[in-house]
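Inspection log for the structure reproduced underneath, given as structure tokens.
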Amino acid sequence: MNQLKRFSSFFFLVILVSQAYAQNTETGLASFYNDRFEGSLTASGAVFEQGKMTAAHRTLPFHTRVRVTNLNNKKSVVVKINDRGPFVKDRIIDLSKAAAVKLDFVNEGVAKVTLEVLSEK
């Protein structure tokens, strides 16, 4: 019976860790802001700047730090969420141009990425 309790506890822990990890990662398409948004206000009230490492996400809290990894080349960047979007159905994040350059997908316009939440504020 004691072994069954230990197994049950271990199994429960594995499920909790798996769920927590699943909630902190997301895979899908990333795009980046058009230059015409430079200087406009984001949903958080910050002024948008293409040269900063920022992004828009539909639900993550503002100021959340997220690691974005381009699945085609394994390059990654850390961005701060300061806006809402993207508003294109199949996209999960809109990045500043500086982030897209570091991820090396500016010419393609979109990239398949994984998001990993590093910290929420």
Within region 29-48, take every residue that is touching a Leu at 6+ places or on another chain (Cβ under 8 Å) and under 16 Å from Pro86 (Cβ atoms) and give me the one that is most open to solvent (accessible area, probe 1.4 Å).
Phe32
Restricting to region 49-66, count the residues that are open to solvent by less than 80 Å² (accessible area, probe 1.4 Å) and in a strand (DSSP E or B).
4
Could you identify the single residue in Val78, Val66, Val88 that is out of contact with any helix residue (DSSP H, G or I) (no Cβ under 8 Å at 6 or more places or on another chain) and over 17 Å from Glu120 (Cβ atoms)?
Val88
For region 102-116, does any single residue satisfy the condition of being of a type in the set (A, V, I, L, M, F, W, C), open to solvent by 70 Å² or more (accessible area, probe 1.4 Å) and not in a loop (DSSP other than H, G, I, E, B)?
no
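For the condition open to solvent by 50 Å² or more (accessible area, probe 1.4 Å), part of a loop (DSSP other than H, G, I, E, B) and either farther than 14 Å from Ala111 by Cβ or not acidic (Asp, Glu) (or both), what is the one hit in Lys80, Lys74? Break it down stepwise before answering.
Numbers: Lys80 fails: part of a loop (DSSP other than H, G, I, E, B).
Testing whether each residue is open to solvent by 50 Å² or more (accessible area, probe 1.4 Å), part of a loop (DSSP other than H, G, I, E, B) and either farther than 14 Å from Ala111 by Cβ or not acidic (Asp, Glu) (or both) leaves just Lys74.
The values are calculated or read from the model by the stated rules, or taken from the named source; none is laboratory data. It should be emphasised that the depicted structure is a prediction, and the values quoted were computed from it without experimental measurement. As a convention, Cβ positions derive from the backbone with ideal geometry for all residues, glycine included, and neighbour counts pool all protein chains shown. Ligands, DNA and RNA are stripped out before the accessible areas are found, and what is left, the full protein with its side chains, is counted by its heavy atoms. Shrake-Rupley method; radii C 1.70, N 1.55, O 1.52, S 1.80 Å.
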